[in-house]
Ligand code: SF4
């Protein structure tokens, strides 16, 4: 039987990601890791830990790639990016032998968050983390999807790519564009 923490985790993750999807130029809050992934929490002893930076080295000014677009132009770009990120996710699920979460709202919102970042930043920066300087993060590439922890250890803290032993993993290895749109807009409307 799942613990209470295990049951409420997807809801917390959704909430954090939706904050970012709604206000796409704002920073995200770091979501807690799934219980099954807690051994992979990145620390300074982890060989794939990203080096930390002094706060003084960061700037917060963003040169967003969508700042001069009309709402209609931006919507078209987000649609195109959502199609691309859905295709990427389905291919990557198969290539890594990973599964979607039983609750399709999770992958839907993550894919939408990746698409939003692709439009605003020019790269699919992970939508589940807090960044002091998103442009710097994009250039470094560590958290561009698929991020280094996923590529090296099969750890996706967004729960988009779940290994079969994960308590939240379902049977599906594919999500349709319609499902991405339906679930992400439902969450957006409810929030
Ligand atoms: Fe975020 Fe990494 Fe998962 Fe992509 S693979 S959604 S970058 S945690």
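The values are calculated or read from the model by the stated rules, or taken from the named source; none is laboratory data. Note that the structure is predicted; figures quoted are calculated from it, not measured. All Cβ positions, even for glycine, are placed from backbone atoms using ideal geometry, and neighbour counts span all protein chains on display.
Is it true that residue 136 is touching a residue at least 40 places away in the same chain (Cβ under 8 Å), under 24 Å from residue 69 (Cα atoms), away from the ligand (no atom under 11 Å from the Cβ) and loosely packed, with under 15 Cβ neighbours inside 10 Å?
So residue 136 passes the test.
Run down 74, 41 and say which single residue is under 21 Å from residue 187 (Cβ atoms) and either surrounded by fewer than 17 Cβ atoms within 10 Å (Cβ to Cβ) or modelled with pLDDT under 95 (or both).
Result of the check over 74, 41: 74.
Tell me whether region 95-102 contains one or more residues that are in a helix (DSSP H, G or I), on the phi < 0 side of the Ramachandran plot, modelled with pLDDT of 95 or more and within 16 Å of the ligand (Cβ to nearest atom).
Yes, region 95-102 contains a residue that is in a helix (DSSP H, G or I), on the phi < 0 side of the Ramachandran plot, modelled with pLDDT of 95 or more and within 16 Å of the ligand (Cβ to nearest atom).
What about residue 118, is it on the phi < 0 side of the Ramachandran plot, outside any loop (DSSP other than H, G, I, E, B), within 14 Å of the chain's Cα centre (by Cα) and touching a residue at least 40 places away in the same chain (Cβ under 8 Å)?
No: the conditions fail for residue 118.
Test residue 179 against the criterion of being within 11 Å of the ligand (Cβ to nearest atom) and in contact (Cβ under 8 Å) with a residue 24 or more places away in the chain, and give yes or no.
Criteria not met by residue 179.
Which is near the ligand (Cβ under 9 Å from one of its atoms) and surrounded by 15 or more Cβ atoms within 10 Å (Cβ to Cβ), of 187, 111?
Step by step, each of 187, 111 is checked, and only 111 is near the ligand (Cβ under 9 Å from one of its atoms) and surrounded by 15 or more Cβ atoms within 10 Å (Cβ to Cβ).
Residue by residue through region 139-167, note down the ones that are in a loop (DSSP other than H, G, I, E, B), farther than 18 Å from residue 112 by Cβ and within 13 Å of the ligand (Cβ to nearest atom).
If the condition is that a residue be in a loop (DSSP other than H, G, I, E, B), farther than 18 Å from residue 112 by Cβ and within 13 Å of the ligand (Cβ to nearest atom), then 141, 142, 154, 155, 163, 166 are the ones that fit.
Within region 119-130, identify whether any single residue is in contact with a helix residue (DSSP H, G or I) (Cβ under 9 Å, 6 or more places away or on another chain), closer than 21 Å to residue 94 by Cβ and at pLDDT 95 or above, and answer yes or no.
Among the residues of region 119-130, at least one is in contact with a helix residue (DSSP H, G or I) (Cβ under 9 Å, 6 or more places away or on another chain), closer than 21 Å to residue 94 by Cβ and at pLDDT 95 or above, which makes the answer yes.
Does residue 110 qualify as being more than 22 Å from residue 181 (Cβ to Cβ) and part of a helix (DSSP H, G or I)?
Judged against the criteria, residue 110 is not a match.
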